[in-house]
Amino acid sequence: MTKLTAVVLGMAAWAAVAGLAVVIAFNMGNKNQVLMFLPILVAVFAAWGIGEAVTERVFNGHEEGM
Amino acid sequence: MAFLNRAFEKKELRDPSAVRAVFSNTWLAPLWLVARVYLGYQWILAGSHKVWGDQRWIGVSGPDGLGLKSFWDRAIAIPAQGSPAIKYDWYRTFIKYMDDNGWYHWFSWVIACGEMTVGVLLIVGAFTGLAALAGATLNFNFMLAGSASTNPVLFMLAILILIGWKVSGWIGVDRWLLPALGTPWEPGRAFKGLAHEGGGGAARLTPRRGAA
């Protein structure tokens, strides 16, 4: 159950990253290449970091956890 | 006969360590992430113009794809003076066939949704190699149709990401997806039964620490 929750949370985190990118593209378009770029990069890093931590904790660092 | 044997000899030539460091090692994954997000955002922008922007191609009142039809009409036109946008006759015939048969109605959905999908997949780093290949195919077709714009730069970027497919999605969903799903020639953990006996699944897609 813990593993399933972790997988679902991971998928939700990455879906949020995709949603953020689309929302930024919708609202900012091509106005400022740097400003639109940074939040997406930070979001990707955050989602990846969360995934790494969860993989380490829930799947005992197993590389092929998911 | 000896030279024929030499020509078809099975001999694997290894890439230099510098090439492997860039395209097969995760230490440059942050650089690939920047390239990936930039390329992905450009695709989302291009797709968004067609899905909900000023020059939308789909979901409009009236028939869909009129934007694509006007693009095709401009591309296949042969001017009285100067050179046509499309250089290859076979490609002009191909576009003309689609134009004449009204394929722009549904093909506009394929392009608009395809661009959005490629953009999202590149940003989250899922199926990165396939997404880059699809993006490069779109760029290639736009260039064949005579539209340069940003296509040459995006095409080159997509090709580089495609070459580095193993690591370009490392800071992304591919970090878990590739070892789990594997590849057609080396199934991952999710397809254990299909993996070669003793192959250990997609072992080669799970990075070894310190490997260069």
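The values are calculated or read from the model by the stated rules, or taken from the named source; none is laboratory data. Keep in mind that this is a model prediction, so the values were computed, not measured. Here Cβ is always computed from backbone atoms with ideal geometry, including for glycine, and neighbour counts include all displayed protein chains. SASA here: full protein model, heavy atoms, side chains in, ligands and nucleic acids out. Shrake-Rupley method; radii C 1.70, N 1.55, O 1.52, S 1.80 Å.
For segment B:139-171, a residue qualifies if it is on the phi > 0 side of the Ramachandran plot and either open to solvent by less than 50 Å² (accessible area, probe 1.4 Å) or among the hydrophobic types (A, V, I, L, M, F, W, C) (or both), and exactly one does: B:G146.
Confirm whether B:V120 is over 23 Å from A:F45 (Cα atoms) and either open to solvent by 30 Å² or more (accessible area, probe 1.4 Å) or away from chain A (no Cβ under 14 Å) (or both). The answer is no for B:V120.
For segment B:120-149, the set of residues classified as part of a loop (DSSP other than H, G, I, E, B) and out of contact with any helix residue (DSSP H, G or I) (no Cβ under 7 Å at 6 or more places or on another chain) consists of B:S147, B:A148, B:S149, listed by residue number. When B:L31, B:L66 are screened for being within 24 Å of the chain's Cα centre (by Cα), surrounded by fewer than 20 Cβ atoms within 10 Å (Cβ to Cβ) and of a type in the set (A, V, I, L, M), only B:L31 passes. Checking B:Q55, B:Q42, B:Q81 one by one, the residue that is part of a loop (DSSP other than H, G, I, E, B) and within 14 Å of chain A (Cβ to nearest Cβ) is B:Q55 and no other.
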